[in-house]
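A.B. asks: Pasting a structure here, questions to come.
Values quoted throughout were computed directly from the atomic coordinates according to the rules given, and no laboratory measurement underlies them. Just so we're clear, the structure is a prediction, and the values are computed from it rather than from any experiment. We place every Cβ from the backbone using ideal geometry, glycine too, and count neighbours over all the protein chains shown.
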Protein chains: 2
Amino acid sequence: MSYEGSSGVVNGRQNGRPTLEQVAARAGVGRGTVSRVINGSPRVSEQTRTAVARAVAELGYVPNQAARALAGSRTDAIALVIPEAEARLFAEPYFLDLIRGVSAELADADKQLLLTLVRSEQERQRFEQYLAAQRVDGVLLASVHGDDPLPDRIRELGLPVVMNGRRSEAEPVPYVDSDNIGAGRAAVAHLVGGGRSRIATVTGPLDMYVARARLGGYRAGLAEAGHAPDEALVSTGDFTEEGGRRAMRLLLDRRPDLDAVFVASDVMAAGARGVLREAGRRVPEDVALVGVDDSAVARLMDPPLTSVRQPIEEMGRTMARMLIREIQGMPEGGGSGGGGEVSEEPRRHVLPTELIVRESC
Amino acid sequence: MSYEGSSGVVNGRQNGRPTLEQVAARAGVGRGTVSRVINGSPRVSEQTRTAVARAVAELGYVPNQAARALAGSRTDAIALVIPEAEARLFAEPYFLDLIRGVSAELADADKQLLLTLVRSEQERQRFEQYLAAQRVDGVLLASVHGDDPLPDRIRELGLPVVMNGRRSEAEPVPYVDSDNIGAGRAAVAHLVGGGRSRIATVTGPLDMYVARARLGGYRAGLAEAGHAPDEALVSTGDFTEEGGRRAMRLLLDRRPDLDAVFVASDVMAAGARGVLREAGRRVPEDVALVGVDDSAVARLMDPPLTSVRQPIEEMGRTMARMLIREIQGMPEGGGSGGGGEVSEEPRRHVLPTELIVRESC
DNA sequence: TACAGGAATGGGAGCGCTCCCACACTAGTT
DNA sequence: AACTAGTGTGGGAGCGCTCCCATTCCTGTA
């Protein structure tokens, strides 16, 4: 008897799902009151609340999202934007972990996740259209490049944004990043501690802040250990395996006597490891290796790769949390005529990284 | 002049974005006409169409999605559901590839992707609420278990569904699957062709159809080669690396003379490979190995693993295409009082797999 | 010349909510 | 007794679309 679950076929309505109005009728109250109960307003007597709750349960009522969005101008959805090019580049589990964190946090807040893979300039523009269509309350951006205008465009539209990573040292848009400088520093410290003295590095593309930061950490680590900087020990990769190979070959050419390499990603480290093997260098006996990401790649390498772990899922959670707070703190979009400036102090979070020691050094 | 892009601040409106009504006023036509132009109705004169198009461009008009959904009862969004537990289990790039395919196809059709990671029974129920709130026009389900009631529940709600994989041989719900039987068969044929005669297999959990199918393919392959079946050569894993290790140990205990193993996933193959090394067996000299997934794991193993590749991204595309067609073919949700039965012939697609030969056999 | 039939168009009537104003009704104040 | 100041509550007025029924203006036909 009316306990058939929420199949929606329970009630005798001939078409579609029950509406607020019908719940109100059944509970013997007005629409406004039901709305208040649904939205948890305190301005309802306990008795009424109970009656409405029963009517809701009996009818299997679920508020229509479109109507809510139209009347209330909030969608309870947020967009996560991932540039397609990056999705291939990065260690593969990265984005899945990020999504996992974001998703978990959003689920707790009862918000929906709209995932957008952007694979071309055209799609980027289409995405801006979506935003303008007021489909989401805010935007999460993953792996933004140094010259990406999207973050600023979104703010112009009056939408809250939080980025994963930053475009530069002085990033004006709120972001969550991992401590990439600390990553480089920890890697070098570990290598120095293992008795290595000619420590090279393979960097990412230097137009990305993350690459510069890891390089900066490497240099800081060397300085702290009292080693002199040596540009011949620095080689630029592009976060791909092949890029890692090329960079490693260059390093061996320039400094055949190197005894350790800090590689700015596991995938590049896999490439570097291949080159070392081909050159007859043993890992870790001749050359020690440290990567970044602590991905499956690292665990499966031979020997298993020491790597700096980033708290990816935690970054996702933090981003979502920041965005939700920002949305709540900004009741009506700031897109009115004039500035559209969101003048709050931009927030930033830098989460710690962790060195996972394995046999490669 | 009015070419400031779509910043929306161009026009003199004091708040929010332009509406249909305003476009109509500017173009000197009625609301209905603008709506017709926006939606590409043929019942508009060329002249009027042009005038409206200009007004739209000048005002930077973008239709409000919520209003559309409310009035037209279609959301232009679809949900992709991924069980969280699976997301960890499977070779990691799997879901990212799937998402990539789905996303690409949806972008072409101008639809939004709502990603839902389901990590508990509670969240599964919450997801059903979302569906009832009419947030999406259809649902894509990834890696459904044999006893999962969700597909049927969704159909009861009158929503189109397409699954990735199937729950059983006789799956009533439309699905896209890869040819797992063919995968097992191809692997065995390759091993036989390489002169192996005592070919074992490590399977997935046998309550999953995908595991049974790969096992079936293995058996078919043996039969075709004229080999007698031998249950001592079959060991059950669970798609994890540790499960692969356990299954491999069992096999070595039972049949120390085996000379090849078809492992139903790369991740399990990595585990098996470790056990073989510990047992002093060389790959491929003593034991040949074939995996499934062709993931990064396979490329990075030592030696690189021969593996059966699934067209994951293509599966994603196909799923999305099927769902879109189903949505279009079903103008109004079938959720009226009575049956709610969607009596169309369920469609199914089985995409071919491909053996990628590397040094492990 | 009168009139049917179609093409193009305008605009009313919702869709199902939220917002908010107005109206009871209750107590507490002068 | 006449007031104020709350509480609950009902319901009108939209939100910005789509749907669809007129209405107008052509044409072509009897």
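A.B. asks: In the calculated pair distance distribution of chain B, what percentage of Cα-Cα distances lie above 26 Å?
C.D. replies: On the way: 38151 of 64980 pairs.
Value for chain B: 59 percent of Cα pairs lie more than 26 Å apart.
A.B. asks: Extending each Cα 7 Å along its Cβ direction at B:ARG254 and A:ALA223, get the distance between those two points in nm, one decimal.
C.D. replies: 6.2
A.B. asks: Next question, about the same structure. What spacing in nm lies between the two simple spin-label points modelled at A:ARG119 and B:GLN122, each 7 Å away from Cα in the Cβ direction?
C.D. replies: 3.7
A.B. asks: Given label points at 7 Å from Cα along Cα→Cβ, what nm distances, shortest first, separate A:ASP147 from the same residue in every other copy?
C.D. replies: 5.7
A.B. asks: Rounded to the nearest 0.05, what FRET efficiency do A:HIS349 and A:GLN129 have when you use their Cβ-Cβ distance and R0 = 45 Å?
C.D. replies: On the way: r = 30 Å, r/R0 = 0.67.
For R0 = 45 Å, the calculated efficiency reads 0.90.
A.B. asks: I'd like to compare B:69-79, B:273-283: which one has the highest average count of other Cβ atoms within 10 Å, and what's the full order after that? All intermediate terms of the calculation are to be shown ahead of the outcome.
C.D. replies: Numbers: B:69-79: 19.0, B:273-283: 16.2.
Result, highest mean first: B:69-79, B:273-283.
A.B. asks: Taking 51 Å as R0, compute the FRET efficiency from the Cβ-Cβ separation of B:ALA232 and A:ARG43 and round it to 0.05. If you can, show how the numbers build up before the last one.
C.D. replies: Details: r = 72 Å, r/R0 = 1.42.
Rounded to the nearest 0.05, the efficiency is 0.10.
A.B. asks: Counting only DSSP beta bridges with both residues in chain A, tell me the antiparallel percent, nearest 5. Write down the numbers at each step before the final one.
C.D. replies: Values: 3 of 37 bridges.
Roughly 10 percent of the DSSP beta bridges within chain A come out antiparallel.
A.B. asks: Ranked from highest to lowest mean number of other Cβ atoms within 10 Å per residue, what is the order of the peptides B:244-250, A:254-260? Intermediate results must be reported in sequence, preceding the final value.
C.D. replies: Numbers: B:244-250: 23.0, A:254-260: 16.6.
By packing density, highest mean first, the sequence is B:244-250, A:254-260.
A.B. asks: While we're looking at this one, here's another question. Per-residue counts of other Cβ atoms within 10 Å, averaged by peptide: what ranking do you get for A:200-210, A:140-150, A:111-121, highest first? Numbers along the way, then the final one.
C.D. replies: On the way: A:200-210: 22.3, A:140-150: 18.7, A:111-121: 20.3.
Final packing ranking: A:200-210, A:111-121, A:140-150.
A.B. asks: Another question, then. Along the Cα→Cβ direction, 7 angstrom out, place labels at A:ALA53 and A:HIS145. What is the inter-label distance in nm?
C.D. replies: So the two model labels end up 5.4 nm from each other.
A.B. asks: May I ask for the Rg/Rh ratio of region A:180-309, computed from Cα atoms with Rh as the Kirkwood radius, given to two decimals? Spell out each step's value before the answer.
C.D. replies: Values: Rg = 12.6 Å, Rh = 13.8 Å.
Using Cα coordinates only, the ratio equals 0.91.
A.B. asks: Sticking with this structure for a sec: Report, in cubic angstrom per residue, the convex hull volume of the C-alpha atoms of region B:20-63.
C.D. replies: 56
A.B. asks: For region B:12-132, report the translational diffusion coefficient in µm²/s to the nearest whole number, using Stokes-Einstein at 37 °C, 0.692 mPa s, and a Kirkwood Rh over Cα pairs.
C.D. replies: The calculation lands on 187 µm²/s.
A.B. asks: Take peptide B:66-75, look around each residue's Cβ out to 10 angstrom, count Cβ atoms belonging to other protein chains, and average those counts.
C.D. replies: Averaged over the peptide's residues, the number is 5.
A.B. asks: Moving on. Which three extents, in angstrom, do the Cα atoms of the protein assembly as shown have along their principal axes, listed largest first?
C.D. replies: Each principal axis gives a Cα extent; for the protein assembly as shown these are 77, 67, 60 Å.
A.B. asks: Around A:HIS349, which amide H atoms from residues at least 5 apart in sequence, or from another chain, sit under 5 Å from its own amide H, with H modelled in the peptide plane?
C.D. replies: A:TYR175, A:VAL176, A:ASP177
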